[in-house]
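The values are calculated or read from the model by the stated rules, or taken from the named source; none is laboratory data. This one's a predicted model, so the numbers in the text were calculated from it and none came from an experiment. Cβ atoms come from the backbone with ideal geometry, glycine included; neighbour counts cover every protein chain shown. For accessibility, only protein heavy atoms count, side chains too; no ligands or nucleic acids. Shrake-Rupley method; radii C 1.70, N 1.55, O 1.52, S 1.80 Å.
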Amino acid sequence: MLSTPHINPQGVPIAETVLLPGDPLRAKFIAENYLDDVVQFNKVRNMLGYTGTFHGSPVSVMGSGMGIPSISLISHELLHIFGARRLIRVGSCGSFQAQLKPYNIIVAQGACTDSRFIEQFQTPGTYAPICSWNLLKAISAEAERQGIEIHVGNILSSDIFYHFDNSVNERWARMGVLGVEMESAGMYAVAAAAGAEALGVFTVSDNLITGEKTTSEEREKAFTQMMELALPLATLG
Ligand code: HPA
């Protein structure tokens, strides 16, 4: 039976589409509340993973952990060892743009980074991690169909949560970067190197320019909307 240093499914199948929230307990919540026929496939390091179905299509959901190192090793093992082909990060991000409010939904078309992780690929210039066009097209069609507003653009996947010098945020903001999280650039690069698809979808948890934060009701509503956009991606052929 296949196992890796971080995933030991003990024969439980992992679907081709895997949703990756940062928090493993969020993975458990998603499995219990949105999927049918759920079976747990991982508990190594409490990085809980589950496989189930959504509208009859197989889908797995697993915690990615925080930061590029964690999501990248999980992505690598899912894609190279367990046959996953489509990774969808569902997370939260800080907003760099005054007009992007807490609870708004951002889809990361591109993911800039201050991490050195992608240097390993040794491209002779700056590699630009981008999402899958197939998944981006599908989520924007789904958003239109459901009447949910999404904001599509560049984000920053940063290694740094607590900055020594906060003025760096402003320079990303001036380049039109919508918000900041800590994982997607790693997931996009690992997926690209594996010839697979990836997409990051986020609810804005706080605005780093205006200081606005979400209320718990807004957070709940935004999370539900994000899941209702992300889950139908598991039903694509
Ligand atoms: N920084 C990095 N990641 C985040 C933030 C942030 O401010 N908010 C939510 N995820």
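The table that follows gives values for the structure above.
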read-out: DSSP-defined beta bridges in the chain - what % are antiparallel, rounded to 5; value: 40
read-out: Gaussian network model of the chain, springs between alpha carbon atoms under 10 Å - residue of S184, S115, S92 with greatest fluctuation; value: S115
read-out: Highest average packing first - 26-38, 194-206, 224-236, Cβ atoms within 10 Å; value: 194-206, 224-236, 26-38
read-out: Cα pair distances in the chain, grouped into 10 Å bins until the bin that holds the longest one, percent each; value: 8, 35, 38, 17, 2, 0
read-out: Axial C-alpha extent at least 18 Å, average Kyte-Doolittle at least -1.0 - helices from the chain (DSSP); value: 133-146, 216-230
read-out: Residues of segment 104-209: accessible area per residue with a 1.4 Å probe, Å²; value: 51
read-out: Relative packing of peptides 124-130, 151-157 - highest average C-beta neighbours within 10 Å first; value: 151-157, 124-130
read-out: Protection proxy ranking of 158-171, 52-65 - average other beta-carbon atoms within 10 Å, highest first; value: 52-65, 158-171
read-out: Dipole-positive endmost among V12, P69, Y50 within segment 1-102 (Cβ charges, Cα centre); value: P69
read-out: Spatially near lysine pairs across the chain, Cα under 17 Å, sequence gap of 8 or more or different chains; value: 4
read-out: Segment 1-90 - accessible surface per residue (Å², probe 1.4 Å); value: 45
read-out: Carbon + sulfur, % of accessible area of segment 97-228 - ligands and nucleic acids excluded, 1.4 Å; value: 53
